[in-house]
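In what follows, a structure is listed as structure tokens, so that the remarks can point back to it.
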Amino acid sequence: WRTIPSLMQKAEEEGRRRFPRKGAIVRPQRSAIEWRVNFTQVSRADGRAVSAEELGRLQEQTGGTTEPWGRGFEARARGMVSSGRDAEAAYLEAIEHLDSTRLRPDLARAHLVYGEWLRRQSRRVDARAQLRIAYDLFAGIGMEAFAERSRRELLATGSLKDDSFKAA
């Protein structure tokens, strides 16, 4: 785990060296942003605290962009480190931004983490809708491990029998 932040920092430094224009979000930096968002998600799932500094770096990288993918990534990460109404608003914002892109895997992940959050809030009916969207998106693009995670979460809501997931 300790090597992931150092790898992200190296990628970020390399991106800044190659593309020094402050606030510019360019394709090489997108990889660093994706690493940071993924690290946030993995850390939260593993019960590790995500530092305000980590979220601040992500917000710094995406803050200057009007691109929906950057705003969606930042909102999804913000949802993962927030609670209550702030978390829900951030997840909905992420879904809205990512829905306007061609980034189906990232949209599906936004639905998944929002659905997981809703289930933890004991909002099973709301969670089912988000988790079903995530499952259908993941299964439709062949991301089987994420589809399976979505399926397990959906079953945990008491939604459907296991055999209802044979076709997406």
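The values are calculated or read from the model by the stated rules, or taken from the named source; none is laboratory data. As the structure is a computational prediction, the values presented were derived from the model and not from experiment. Ideal geometry is used to build each Cβ from the backbone, glycine not excepted, and the neighbour counts take in all protein chains shown. For accessibility, only protein heavy atoms count, side chains too; no ligands or nucleic acids. Shrake-Rupley method; radii C 1.70, N 1.55, O 1.52, S 1.80 Å.
Seen from a random direction on average, the alpha-carbon convex hull of segment 63-160 projects onto 5.9 square nanometres. Shown in residue order for segment 147-156 are the 3J(HN,Hα) couplings computed by the Karplus curve 6.51 cos²θ - 1.76 cosθ + 1.60 at θ = phi - 60°: 4, 5, 4, 4, 4, 4, 5, 5, 5, 5 Hz (x for Gly and Pro).
Once both labels are positioned 7 Å from their Cα atoms along Cα-to-Cβ, the gap between ASP86 and ARG104 label points is 3.5 nm. Amide H contacts of SER159: none lie under 5 Å away among residues 5 or more positions distant or on a separate chain (H built 1.01 Å from N in the peptide plane; Pro and chain starts excluded). Rounded to the nearest 10 square angstrom, ARG149 shows an accessible area of 60 square angstrom against a 1.4 Å probe.
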